[in-house]
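Worksheet: one structure, shown below.
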Amino acid sequence: MKTNDFSSSSSPSDRRIGALLRHLTAGTDADRVSSVFASPTSGGAGGSVFAHLVQAPEDAILGVTIAYNKDPSPIKLNLGVGAYRTEEGKPLVLNVVRKAEQQLINDRSRIKEYLPIVGLVEFNKLSAKLILGADSPAIRENRVTTVECLSGTGSLRVGGEFLARHYHQKTIYIPQPTWGNHPKIFTLAGLSVKTYRYYDPSTRGLNFQGLLEDLGAAPQGSIVLLHACAHNPTGVDPTLEQWEQIRKLMRSKGLMPFFDSAYQGFASGSLDTDAKPIRMFVADGGELLVAQSYAKNMGLYGERVGALSIVCKAADVAGRVESQLKLVIRPMYSNPPIHGASIVAVILRDRNLFNEWTLELKAMADRIISMRKQLFEALRARGTPGDWTHIIKQIGMFTFTGLNPAQVSYMTKEYHIYMTSDGRISMAGLSSKTVPHLADAIHAVVTKAL
Ligand code: PLA
């Protein structure tokens, strides 16, 4: 039987006639396969159903690494993403993490079954203790519900979606500027995103007055995203006295605090000191949310391990909140991964490993602080015009240099130094060896008047 006369033809009407013919002559399997070529999602001559897509831009932060990887220059330097590097410029796996992993591997009783929807229960309890404090009244009174989520990002997303479903106010105020993913996470979670003033470029410090005015003018009950410490990208945190004023204002207006704690321990080197602002809000007995990440402070970036805690006023409410969180999580990713959370649980439950972790964490924080000093001194030695004291005043992983996008792109082109276009540099990506190169680049670019 010869029914293929039309199937190799390119005209759609020919193909339709061919298909019709084959249908009428009740063809063989091969005929039926070729008739599928006329359907939009099958192979063959038709165009892709995705052909209309435009190329999306790379992510403003993670795209910097992609550009860096493509650069063959031996002097290239990646100060884009906030990922800790050693003095040798290498990624670091903490010693305690290696030890915890060894323990896990040696334990033959460990299995790979699904975790519950809320994740590893011991990890959740230990995470709440780490952020709220071992003596937290909220934990003692069983008013906290904690769920394991996919690192800080996942915790923010689950918390955002929970609020969009169950909280009476759907607007979240985020600082201006903030981590670039915040507006996207909360918009997709179903909240409407507004900003409050945070940073004053003229002082390179906190715009405290603007912050108080904007939160004061926010509608009653609005959600407010607060960076727990080491504000990204500015490196500017409120003082404890300012936090106290923020707390009073927010509580007086029934604003709901949603803390993003992505850098606990990285700001001061102390886990407890960095958690103080959150604990001040818990101490007043009010409600709040906290998203925790272990990416930076335990160096577990790719393990995607974090937690969302919701502090409630009563234990029975916390229980119902948890039941609703499960309804958010189950259709999103069903249940979280087991490995990263197990590493964290091993470290947090064991006093020796915990102490060793705090030392390693402090060493990372100290190395970053020493990079700040070295860069500041290097610019001073070069007589680079401008006041660079913000390099040593700012807190955490990043320096918000004040360099503009043209200056950033010049430094990338001429010096192979990669950073986000807002002039943020990851101090954790620097080393004593690379400081002079960065200082040369900054000196060149500010004296060029771009
Ligand atoms: N919140 C803030 C304020 C962050 O800076 C980051 C990460 C996260 C949450 C999320 O981290 P996690 O999901 O990995 O736990 N910010 C990085 C990386 C370090 C990134 O953009 O993804 C940054 O370079 O800004």
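Of all the residues in the stretch 48-83, those that are more than 13 Å from the ligand (Cβ to nearest atom), surrounded by 14 or more Cβ atoms within 10 Å (Cβ to Cβ) and small (Gly, Ala, Ser) number 1. For the stretch 173-215, taking the residues that are touching a Pro at 6+ places or on another chain (Cβ under 9 Å) and of a type in the set (Val, Ile, Thr), the one that is nearest to residue 262 (Cα to Cα) is identified as 178. Among the residues of the stretch 399-420, the one identified as in a helix (DSSP H, G or I) and within 16 Å of the ligand (Cβ to nearest atom) is 408.
Each row is one residue, and each column tells you yes or no for (1) in contact with a strand residue (DSSP E or B) (Cβ under 6 Å, 6 or more places away or on another chain); (2) at pLDDT 95 or above; (3) aromatic (Phe, Trp, Tyr).
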position	(1), (2), (3)
186	yes, yes, yes
192	yes, yes, no
208	no, yes, yes
212	no, yes, no
255	yes, yes, no
262	yes, yes, no
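When residue 345 is evaluated against the numbered criteria (1) among the aliphatic types (A, V, I, L, M); (2) in the same structural domain as residue 167 (by the TED database); (3) surrounded by 23 or more Cβ atoms within 10 Å (Cβ to Cβ), which criterion, by number, is the only one it fails? Of the numbered conditions (1) among the aliphatic types (A, V, I, L, M); (2) in the same structural domain as residue 167 (by the TED database); (3) surrounded by 23 or more Cβ atoms within 10 Å (Cβ to Cβ), the odd one out for residue 345 is (3). For the stretch 301-319, a residue qualifies if it is within 12 Å of the ligand (Cβ to nearest atom) and in contact (Cβ under 8 Å) with a residue 24 or more places away in the chain, and the qualifying residues are 301, 303, 304, 305, 306, 307, 308.
With respect to the conditions (1) within 28 Å of residue 231 (Cβ to Cβ); (2) open to solvent by 10 Å² or more (accessible area, probe 1.4 Å), residue 324 falls short on a single one, namely (1).
Taking the stated definitions as given, is residue 292 part of a strand (DSSP E or B) and within 16 Å of the chain's Cα centre (by Cα)? Yes, satisfied. Taken over the stretch 140-161, the criterion of being within 9 Å of the ligand (Cβ to nearest atom) and surrounded by fewer than 23 Cβ atoms within 10 Å (Cβ to Cβ) is satisfied by 150, 153.
Identify, please: which residue in the stretch 276-300 is aliphatic (A, V, I, L, M) and more than 15 Å from the ligand (Cβ to nearest atom) and is, among those, most open to solvent (accessible area, probe 1.4 Å)? Per the criteria, the residue is 283. Considering 356, 322, 360, 377, the condition of being in contact with a strand residue (DSSP E or B) (Cβ under 7 Å, 6 or more places away or on another chain), on the phi < 0 side of the Ramachandran plot and away from the ligand (no atom under 16 Å from the Cβ) is satisfied by 322 alone. What number of residues within the stretch 371-385 are within 19 Å of residue 236 (Cα to Cα) and exposed (fewer than 15 other Cβ atoms within 10 Å of the Cβ)? Here the count works out to 1. One residue is enough: does the stretch 421-432 have a residue meeting the conditions away from the ligand (no atom under 16 Å from the Cβ), surrounded by 15 or more Cβ atoms within 10 Å (Cβ to Cβ) and not in a loop (DSSP other than H, G, I, E, B)? No: zero hits.
The values are calculated or read from the model by the stated rules, or taken from the named source; none is laboratory data. Predicted, not measured: the structure shown is a model, and the values here were computed from it. Cβ sites come from the backbone with ideal geometry, for glycine too, and all protein chains shown count toward neighbours. Keep in mind that these areas ignore ligands, DNA and RNA; they rest on the heavy atoms of the full protein, side chains included. Shrake-Rupley method; radii C 1.70, N 1.55, O 1.52, S 1.80 Å.
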